[in-house]
Structure formats: C-alpha cells, structure tokens
C-alpha cells in the first residue's frame with residue numbers, strides 16, 4: 001500500500017510538472033493527454049529541445065573557420081619573395097667579375113720592361129730614366145756645325161755614382177741615373193770594373209784640353225793649322241764637344257786605356273747593350289766621314305731608349321738620325 005501511495009504521489013507530481021511545462025510553452029493540447037501520454041510527450045520534447053540548444057555550438061565552430069581562411073589569404077605573401085627575386089637577379093648582372101683588377105695589368109706597368117729586356121739586375125726604379133716621357137728632349141745635336149755657346153751649362157747636373165776616386169764627374173740628371181743602371185747591369189754581365197773617366201766639361205775646360213793637344217802636335221813639328229786639323233779629328237774644338245751638353249760620358253774599366261779598350265769584352269758588351277739604357281755609341285767605327293771623329297768605343301751619348309733603339313736598329317749615327325727625322 002505504501003509503495004502504491006508513493007508511486008501515485010510521484011506520478012501525480014510528474015503530471016503536475018508536465019502540465020506546468022506545457023502551459024509555459026503555450027501548448028494547450030498537452031492538457032488533454034493522459035498521464036502516460038504526458039510522460040511520453042515530455043520524453044520526446046526533452047529530446048527535441050536539446051538539439052535546439054546545440055546549433056549555437058555549430059555556429060561557434062563556423063565562426064572559427066575564418067581562422068583557417070585568413071592565413072590562406074595571407075599566404076600570398078609568398079609572392080613578395082617572388083618580387084624580391086629580381087633583386088637577387090640584378091646583382092647577378094653586376095657580377096663582381098666586372099671589377100676587373102685583372103685587367104689593370106700589373107704586367108703593363110713600366111718596370112716590367114726591364115725584365116723583358118733581359119736585365120739581370122732589378123732596374124725597375126731606373127725605368128723612368130732609361131725611357132723618359134720627354135722622349136725628344138735629349139736629341140740635342142752638338143758637332144762642328146752645331147756648336148754650343150761659351151756660357152752653356154745644363155741646370156740639372158748631378159754627381160755620378162760610378163766615377164774614379166778623386167774625380168767629380170757630372171751628367172744631367174736623367175743621363176746620370178741611366179748611366180748608373182747601365183754600369184750596374186754591365187757588372188752583372190761580367191764587366192766588373194766599369195767607371196766613368198770623363199763626363200760634363202764646361203767650355204773653358206774643353207778649351208784647355210784642345211789647346212794642349214794642338215801644342216803637342218806642334219812640338220812634333222806640325223804647323224799650327226796642321227796641328228789644329230789633326231787635333232780636331234780626335235778632340236772636339238771648344239763649343240763643339242758633346243761633353244759640354246752634359247749628355248755624353250767616357251767609360252773604361254780599370255784595366256784598359258783609351259788605346260786598348262776597343263775589341264775587349266767590355267767594349268763589345270757596352271756597344272751591343274747601350275740602347276737598352278738610352279745610350280748610343282756616339283762615334284762608330286764606320287761613320288767617321290759623317291761624325292768627323294775617329295772611332296771611340298768608350299764614348300756614349302744619352303738620347304733615351306726610344307730613339308737609341310731606333311738608331312741602333314737602323315745602324316745610324318746621330319747626324320744621320322737627326323736628318324732622317326727632319327725628312328720624315
């Protein structure tokens with residue numbers, strides 16, 4: 001009995017609750033149903049009511065979708081890397097290989113000429129003296145037809161390094177530095193004791209030398225005219241000497257004299273190589289009729305390498321070469 005009463009109470013309470021729920025939802029049909037039917041309705045309603053609360057969950061998940069779409073729209077930033085690609089290709093066109101220090105040609109620098117000429121010594125510091133920029137500045141012709149005045153004296157005379165003890169031989173700066181290289185290289189090639197024995201001479205010194213020469217011939221019984229003619233064949237008249245120009249030098253080794261130097265190894269080497277240093281053998285053996293002077297294997301004249309090479313190759317004396325230049 002007690003259990004039935006409790007059941008009836010529970011059933012009544014349930015039906016009351018269902019009725020209240022139905023009235024709140026505005027469904028009058030629920031009042032006409034039986035208690036069993038109401039329980040069935042409540043069961044179905046509770047089932048149907050729950051899905052109605054679920055859609056918001058699905059809506060939230062849908063609003064979260066832009067998170068996946070937005071990165072997708074931002075990913076075209078990869079096209080920015082594509083725009084930077086031309087920047088990486090541009091430097092490739094400039095390529096560091098365009099910096100062409102290799103074509104700045106250390107090989108074309110002038111000192112290299114020393115080694116091309118087969119020098120044994122490093123004469124790179126002398127190169128500017130051997131082959132001067134002012135290549136025509138040393139073509140001064142001095143001879144009986146082109147004398148120098150009594151007061152002529154170069155302004156750039158310099159004391160020679162290779163000179164005999166007690167002497168004060170001088171040449172013009174470029175000629176003096178070129179001679180230094182010339183004799184330095186001569187020693188490296190077996191001409192061990194080469195030095196200058198006479199270089200620049202002023203007018204009055206040449207006058208003294210020439211007068212003494214004339215006196216000597218007169219003492220041998222010649223007339224003054226005969227003595228002067230004879231002296232002029234091997235000694236320049238004052239004003240006609242190349243020594244006054246500061247561009248001519250006499251060189252010998254310690255074992256030779258003027259009369260014994262010709263035909264020696266030293267004389268042959270100097271004559272064959274002098275052009276490399278800007279010098280010419282001024283009075284060759286086969287040009288006496290032109291120069292009016294006898295062969296002097298010791299007498300060298302500075303003109304600079306450009307002209308010295310041409311004179312050497314064309315086998316000319318300075319008089320012939322000056323005339324050649326005038327006609328060409």
**Request:** Could you tell me whether segment 162-204 comes out rounded, prolate or oblate from its Cα gyration tensor? Rule is a ≥ b ≥ c as square roots of the eigenvalues, rounded for a/c under 1.5, then prolate if a/b exceeds b/c, otherwise oblate.
**Result:** oblate
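Starting from 0.36 nm per residue, how many nanometres of slack lie between residue 116 and residue 328 once their C-alpha separation is accounted for? It would help to have the intermediate numbers written out before the result.
Values: separation 212, 0.36 × 212 = 76.32 nm, distance 2.93 nm.
Between residue 116 and residue 328, full extension yields 73.4 nm more.
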**Message:** For a protection proxy built on the mean count of beta-carbon atoms within 10 angstrom, sort 161-168, 309-316 highest first, please.
**Reply:** 309-316, 161-168
**Message:** Less than 16 Å from a label point 7 Å out along the Cα-to-Cβ axis of residue 159: which backbone N atoms in segment 195-222 qualify, by residue?
**Reply:** 196, 199-200
**Message:** Once each part is reduced to its C-alpha centroid, what is the distance from segment 255-272 to segment 174-191 in angstrom?
**Reply:** 15 Å
**Prompt:** Taking the highest mean first, how do the peptides 285-296, 120-131 order by number of other beta carbon atoms within 10 angstrom per residue?
**Reply:** 120-131, 285-296
**Message:** Please list, in order, the residues from segment 234-248 whose amide nitrogen is less than 11 Å from a point placed 7 Å along the Cα→Cβ vector of residue 207.
**Reply:** 238-239
**Relative contact order computed over segment 147-290 (Cα-Cα under 8 Å; 6+ residues apart), in percent** = 29 percent
**Asked** Over segment 147-221, what is the relative contact order in whole percent, taking alpha-carbon pairs under 8 Å and six or more residues apart?
**Response** 30 percent
**Asked** Among 183, 139, which comes first, second and so on when ranked by fewest other beta-carbon atoms within 10 Å?
**Response** 139, 183
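Just so you know, all these numbers are worked out from the coordinates, no wet-lab data involved. Just so you know, these numbers come straight off a predicted model, no measurement behind them. Note: ideal-geometry Cβ built from the backbone for every residue, glycine included; neighbour counts use all protein chains shown.
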